[in-house]
Structure formats: structure tokens, C-alpha cells
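Inspection log for the structure reproduced underneath, given as C-alpha cells.
The values are calculated or read from the model by the stated rules, or taken from the named source; none is laboratory data. Since we're looking at a predicted model, the values are computed, not measured. FYI the Cβ positions are ideal-geometry reconstructions off the backbone, even for glycines, and counts take in every protein chain you see. Protein only, heavy atoms only, side chains kept; ligands, DNA and RNA dropped before computing areas. Shrake-Rupley method; radii C 1.70, N 1.55, O 1.52, S 1.80 Å.
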Amino acid sequence: MSPTGGTLAERLGRVHERIERAGGDPARVRLVAVTKQVPAERVAEAVALGCVDLAESYAQEMVEKVAAVEALVGEDEVRSLRWHFIGALQRNKVRLVAPDVALWQSVDRLSVAAEIARRAPGASVLVQVNVSGADTQGGCRPAQVGAVVEGARDLGLEVRGLMCIGARGDDEAVRAGFRLLRELADRHELPERSMGMSGDLELAVAEGATLVRVGTALFGPRRVTTGMGK
Ligand SMILES: *Cc1c(COP(=O)(O)O)cnc(C)c1O
């Protein structure tokens, strides 16, 4: 059976197994279900199966998805949900999603932190770090982490940890990136490390992930986007 075959419940079970087999203590590693491009009905199914951490990448899609999912699930479930924003952040999109976001995972510069502080004072954030040096990866450079963390704190934001997208390449290169993120988080005494996706979550868990962001392994392949939601 393909890794994305079976029912949603089966796929969710397999993701939890992968986390545990990689040494992840379920009490330490939280699964964040990445729901971009996933219809609200499917997301509501995931919620019914116990997924409470949900992540979106595009502001407009998030606003619509949150409303649609909330209309489908019960009031208690609505209260239990935590929506994460994981996409590239533009200042003009912050206002749109500010009422919905529980954790901003992709803060990579102070102009964005300032806008979040203005629209959602005291919000919880992660600082996204480019651990591979590749231009295609979002995030600040490792050498900038201290400045962004301190600056965000000065703005009154609650900096909970760091986030990265895994490097491309062989396992050793991917691991090295995750290890760098963990070291940076330790150095700045930050508890949360958001790293690992469908393809590399084992490596991330082994390197100390506390949040893994999984889309494809739960919901199946996405369409190829051409700048959707920008
Ligand atoms: C889409 C996305 C994910 C999920 O990726 P999968 O490979 O589908 O698990 C995780 N993190 C970020 C930042 C994403 O944009």
C-alpha cells in the first residue's frame, strides 16, 4: 500500500507510528496537520480524529478555511483548535489572519514581527531560520536569529521557538540542518523546534523536533500550485 493510501484514520495512525518509531515521545512531539488545499470537510474529519493543531500557508485560504471548518465541527472542538500560520508572511496579510492564528511559525524579520505585534499584541511566534543557505528556503540566516528573537521580544511577542524547512539532499544534509536548528534553539533557550514534514519527519524527531508539520502523509498529494493565494 502506498504511504498515502487507506483512510484518513489509517494514515493518521501511520504518522503517529512513524513519530514514535523515530523515538518521539507523544507528550513531546506535537503533530501539526497541514491543511493547505485540503477541503474543509476533510479537515473536519481530521478534527474528529483528534487533530487540534492545524496549519495554513496562505492568508486568504486560511480565513476561508477557518470559517468553513468551524461551521462543520462542534463548539467544544472549535475552542480546542489551534491554527498555525506557516507560509511566507507579508505585512499586508498579517491583519487578515491575525484573529485566527494561535502560533505564527514563519516570522523571519522584524518588519513582520512589528506588524504582528500591532495586530495581535503579545502573540506567540516562532522565528523561521534558513538552515540550508538555499535561496529557495524562507527564514532568516542563522546569524540573525538572536537579533530577530530579541527584537520580537522587545515588541512584546512571546517567542516560543524556531522553525525551519528541511534542507534538500541526502539524510546527512537534512539532519545537519535540523541539528543546527536545535542548537540555535538551545542557545537562545527556546523550547519549541518546528521541523520535519511528510518526507523527513523521522530525521527531525531524532534531532529533537517538538512540532512536526505534516500534510501529504495525512491528506494525500496536493496540486502543483502556481503562486496560489498570493
Ligand atoms: C506544505 C508545508 C508543509 C507540509 O508538507 P508535506 O510535505 O505535505 O508534509 C510543512 N511545512 C511548510 C512550511 C509547508 O509549506
- Query: Do we have any residue at all in segment 93-109 that's surrounded by 16 or more Cβ atoms within 10 Å (Cβ to Cβ), within 30 Å of residue 171 (Cα to Cα), free of Cβ contacts under 8 Å to residues at least 60 places away in the same chain and charged (D, E, K, R)?
  - Reply: yes
Of the residues in segment 167-202 that are touching a residue at least 60 places away in the same chain (Cβ under 8 Å) and part of a helix (DSSP H, G or I), the one that is surrounded by the fewest Cβ atoms within 10 Å (Cβ to Cβ) is 202
Could you tell me whether any residue of segment 116-131 is out of contact with any helix residue (DSSP H, G or I) (no Cβ under 8 Å at 6 or more places or on another chain), closer than 20 Å to residue 34 by Cβ and within 16 Å of the ligand (Cβ to nearest atom)? yes
If we ask which residues in segment 129-166 are in a strand (DSSP E or B) and open to solvent by less than 10 Å² (accessible area, probe 1.4 Å), their number turns out to be 5
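So, of the residues in segment 44-59 that are outside any strand (DSSP E or B) and within 14 Å of the ligand (Cβ to nearest atom), which turns out to be most open to solvent (accessible area, probe 1.4 Å)?
58
Residues checked against (1) on the phi > 0 side of the Ramachandran plot; (2) modelled with pLDDT under 95; (3) within 19 Å of the chain's Cα centre (by Cα):
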site	(1), (2), (3)
118	no, no, no
125	no, no, yes
129	no, no, yes
134	no, yes, no
138	no, yes, yes
142	no, no, yes
185	no, no, yes
215	no, no, yes
228	no, yes, yes
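Residues are listed down the side, and each one gets a yes or a no for (1) under 16 Å from the mean Cα position of the chain (by Cα); (2) over 24 Å from residue 201 (Cα atoms); (3) of a type outside the set (Ser, Thr, Tyr); (4) assigned to a helix (DSSP H, G or I):
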residue	(1), (2), (3), (4)
5	no, no, yes, no
23	no, no, yes, no
41	no, yes, yes, yes
61	yes, yes, yes, yes
Going through (1) assigned to a helix (DSSP H, G or I); (2) under 23 Å from residue 200 (Cβ atoms) one by one, residue 31 fails only at (1)
### Query
Do the conditions hold for residue 21, that is, is it under 24 Å from residue 123 (Cβ atoms), of a type outside the set (A, V, I, L, M) and away from the ligand (no atom under 14 Å from the Cβ)?
no
